[in-house]
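I have placed the structure first, in the form of structure tokens, so that the comments after it can refer back to it.
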Amino acid sequence: MEPVRAKAVDGRTAVRTKELIVFRFIDRLLEFACSFLLVEIVVFLFANVLARYVFAISFHWADEMVRYSFTWLAFLSGALVMRYGGHMAMDMFTDAFPSRIARSLRIGIELAVIVFLVVLTIYSWQMAQIAEGQRSSTLRISMIYVYLSAPVGCAFMLYYSLRRLAGFVMGHDTMKLDEQEAAQ
């Protein structure tokens with residue numbers, strides 16, 4: 001992959017491959033989606049509380065929208081946490097071994113996580129398809145849009161796990177993807 005040159009913040013020329021640009025785009029897209037969902041949840045909750053206690057009316061659709069948005073936020077932010085290496089891990093165990101054995105353990109653990117995420121993605125996709133005929137009670141939208149949060153979130157987690165596995169195979173010790181990319 002040929003490098004793409006860009007100006008860094010400090011004035012130096014940063015070299016990035018097209019592959020890294022695609023990775024960054026996906027990262028920013030996911031961060032934007034999570035930010036948007038969080039703001040949407042806060043706005044709808046605030047508006048509904050204000051309407052309920054000041055004007056004595058309630059927006060039932062807002063409760064349902066917040067609930068479904070929170071479901072999406074949970075799965076998508078789980079992928080972001082995977083990206084930053086924030087999920088619980090027993091690093092103390094792998095760090096107790098020499099670096100070659102620790103690297104092999106990290107690769108094995110990451111492979112187990114990948115298998116788990118593949119299975120979870122497949123079954124959550126099947127559940128979403130089953131829910132396609134159902135409608136939500138207030139918004140009357142197909143429940144597939146709610147249930148799709150699980151396979152989409154798991155697919156993003158799988159994406160980040162595969163990226164991390166590639167880093168481990170190439171010899172990086174870190175669980176965090178940002179540290180690897182900053183070094184490149």
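The values are calculated or read from the model by the stated rules, or taken from the named source; none is laboratory data. Only a predicted model underlies this, so the values are computations on that prediction, with no experimental measurement involved. Because the Cβ atoms are built from the backbone with ideal geometry, glycine has one as well, and the counts that use them run over all protein chains shown. SASA here: full protein model, heavy atoms, side chains in, ligands and nucleic acids out. Shrake-Rupley method; radii C 1.70, N 1.55, O 1.52, S 1.80 Å.
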Note, ³J(HN,Hα) from phi for the range 77-92, Karplus 6.51, -1.76, 1.60, rounded to Hz, x at Gly and Pro = 6, x, 5, 5, 5, 4, 4, 8, x, x, 5, 4, 8, 9, 5, 4
Note, the range 128-144: 3J(HN,Hα) by Karplus (6.51, -1.76, 1.60, θ = phi - 60°), whole Hz, Gly/Pro = x, goes 5, 5, 5, 7, 4, x, 7, 10, 6, 6, 9, 6, 6, 9, 5, 6, 4
If every Lys and Arg gets +1 and every Asp and Glu gets -1 at its Cβ, then about the Cα centre the range 13-153 yields a dipole, in debye to the nearest 20, of 240
Burial-style ranking of 29-35, 70-76, average other-beta-carbon count within 10 Å with highest first, yields 70-76, 29-35
Gain upon complete extension [R135, V118; 0.36 nm per residue less C-alpha separation] = 3.4 nm
If we sort 155-164, 85-94, 102-111 on the protection proxy, mean other Cβ atoms within 10 Å, highest first, what's the order?
-> 155-164, 102-111, 85-94
Ordering D63, D95, D27 by how much accessible area each has at a 1.4 Å probe, largest first, what is the list?
-> D95, D63, D27
Carbon and sulfur: what percent of the range 81-123's accessible surface (1.4 Å probe)?
-> 75
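Please list the three semi-axes, largest first and in whole Å, of the ellipsoid equivalent to the range 27-184, using sqrt of 5 times the eigenvalues of its alpha carbon gyration tensor.
38, 19, 12
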Spelling it out for T17: with amide H atoms placed in the peptide plane at 1.01 Å from N, the residues 5 or more places away or on another chain with amide H under 5 Å from its amide H are V4
Step through the residues of the range 25-41 one at a time and calculate ³J(HN,Hα) from phi using the Karplus curve (6.51 cos²θ - 1.76 cosθ + 1.60, θ = phi - 60°), rounding each to whole Hz and writing x for Gly and Pro.
-> 4, 5, 4, 5, 4, 5, 5, 5, 4, 5, 5, 4, 4, 5, 5, 4, 4
Compute the distance in nm between two label points, each set 7 Å from the Cα along the Cα-to-Cβ direction, one at V81 and one at K18.
-> 3.6
